[in-house]
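Student: Before I ask anything, here is the structure I am working with.
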Amino acid sequence: MNIFKGWMKNIKDGLKSVFRGKTELGEEEIEEIEEILFQSDLGTQMVISIMDKVRDGVKKGEIKTYEDLEKLVKEDFLRILGEKKTLELKDGLNVILVIGVNGTGKTTFIAKLSKRLKKQGKKVLIAAADTFRAAGVKQMVVWAERLNIPVVAQQEGADPSSVVFDAISSAKARGIDVLIVDTAGRLHTKKNLMEELKKIKRVIMKNAPSAHLEVLLTLDATTGQNALIQAKNFHENLGVTGLVINKLDSTSRGGHIITIKNELNIPIIFIGTGETEDDLEEFNPEKFVEELFKS
């Protein structure tokens, strides 16, 4: 999981530089640490929390070296990220509603997840409910055919809720284990489109009341603090149960991901590491934090 190297190298080098030539940390050095943390997209609330501990540690003589500071930050990251969370599937029908802003990789993620679940022996069905975007249905159908996974689709411009209704009926008739619902990408600020998503969720709950429902939000790792704004809005409207972080590369600063978990307590379930259908990994907090601090 060689991710966020660029981001963490910058923050690690920055924090290390604070200690160069210093035998003790004064207020000037503490303020420099604070500035570096703010620049890393960690968010105000989280930086204040870490800095309270830094100041306390310096006062007590517990933070004298970079290694002392790294240990404190690691422990705080792990506390916030919590234990590893996996996608929860139960006996009977499971429905996974995939939502997110345009360009965050929903369709590609669905292809990756479908292939993963199929390898695990699950019977998967895809609902191509992205009828809003031109060629949205076609793109999903192409992926499904490539993976040999059945798909329920209607023509472009059809009511997405109607597609989901048909897909639920088909899933019940076929004895499907997992129904994955693709949705149109939409700005989190567009109220009418958000209402459409809420309608899709109501259709699922009404027509598959005994099904286990997961609401997964895809986020773009390169968008910084805007991802937190998106996550807040989607979570308030739809009750997000897990995050999928896509487009991870060396240019992503990544601090906002920890901030989202800190502020909203939504677990990170998957990370997308590339464009092929195999580039999907479960998120492992301990491994993630350890790799962040590797040289």
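Please treat every number below as a calculation from the coordinates, not as lab data. Here the structure is a predicted model, which is why all the values come from computation and not from measurement. Reconstructed Cβ throughout: ideal geometry from the backbone, glycine too, with neighbour counts over all protein chains shown.
Student: Gain in length, LYS122 to ILE48, computed as 0.36 nm per residue apart minus the alpha-carbon separation, to one decimal in nm?
Tutor: Length gained, LYS122 through ILE48: 22.1 nm.
Student: For the chain, taking Cα atoms only, what is the radius of gyration to one decimal and the Dmax to the nearest whole Å?
Tutor: Rg then Dmax for the chain, in Å: 21.5, 71.
Student: Let's test the formula: R0 of 51 Å, r as the Cβ-Cβ distance of LYS191 and GLU67. What FRET efficiency results, to the nearest 0.05?
Tutor: E(calc), rounded to 0.05, equals 0.55.
Student: Another one. Let me check against my output: what whole-number percent is the relative contact order of the chain, with C-alpha pairs under 8 Å and at least 6 apart?
Tutor: Once divided by the residue count of the chain, the mean separation gives 27 percent.
Student: How much length is gained on full extension from GLN39 to THR222, taking 0.36 nm per residue of separation minus their Cα-Cα distance?
Tutor: Contour length minus Cα-Cα distance gives 64.4 nm.
Student: Are any of the pairs LYS85/LYS199; LYS232/LYS261; LYS12/LYS287 more than 21 Å apart by Cα-Cα distance, and if so, which?
Tutor: As for pairs spanning more than 21 Å Cα to Cα, those are LYS85/LYS199.
Student: Give me a comma-separated list of calculated 3J(HN,Hα) values for the stretch 68-83, in order, Karplus coefficients 6.51, -1.76, 1.60 applied at θ = phi - 60°, integers in Hz, x for any Gly or Pro.
Tutor: 5, 5, 4, 4, 5, 5, 4, 4, 5, 4, 5, 4, 6, 5, x, 6
Student: Multiplying the sequence separation of ASN237 and ILE30 by 0.36 nm and subtracting their Cα-Cα distance, what value in nm do you get?
Tutor: Difference between extended and current length: 70.6 nm.
Student: For each of ASP68, ASP41, count neighbouring Cβ atoms within 10 Å of the residue's Cβ, then give the residues from fewest to most.
Tutor: ASP68, ASP41
Student: I would also like to ask the following. Return the Rg/Rh ratio of the stretch 5-81 with Cα-based radii and a Kirkwood Rh.
Tutor: My calculation of the ratio gives 0.92.
Student: Let me ask you something else. Using only DSSP helix segments of four residues or longer, with each worth -39500 (n - 2.57), what per-residue ellipticity at 222 nm results for the chain after dividing by its residue count and rounding to 500?
Tutor: -16000 deg cm²/dmol
Student: A further question on this structure: Please enumerate, by chain and number, the aspartates and glutamates with C-alpha under 15 Å from the C-alpha of LYS90, excluding those fewer than 8 residues away in the same chain.
Tutor: ASP177, GLU214
Student: Follow-up question, since we're still on this one. When each pair of different Cα atoms in the stretch 62-193 is counted once in the 1/r mean, what is the Kirkwood radius in angstroms, to one decimal?
Tutor: So the Kirkwood estimate lands at 16.8 Å.
Student: Could I ask something else about it? Work out the FRET efficiency for LEU89 and THR23 from their Cβ-Cβ distance, taking R0 = 51 Å, and round it to the nearest 0.05.
Tutor: Efficiency, from the Cβ-Cβ distance: 0.40.
Student: Oh, and also: According to a simple spin-label model (label point 7 Å from Cα along Cα-to-Cβ), what is the distance in nm between LYS74 and GLU156?
Tutor: About 5.2 nm, to one decimal.
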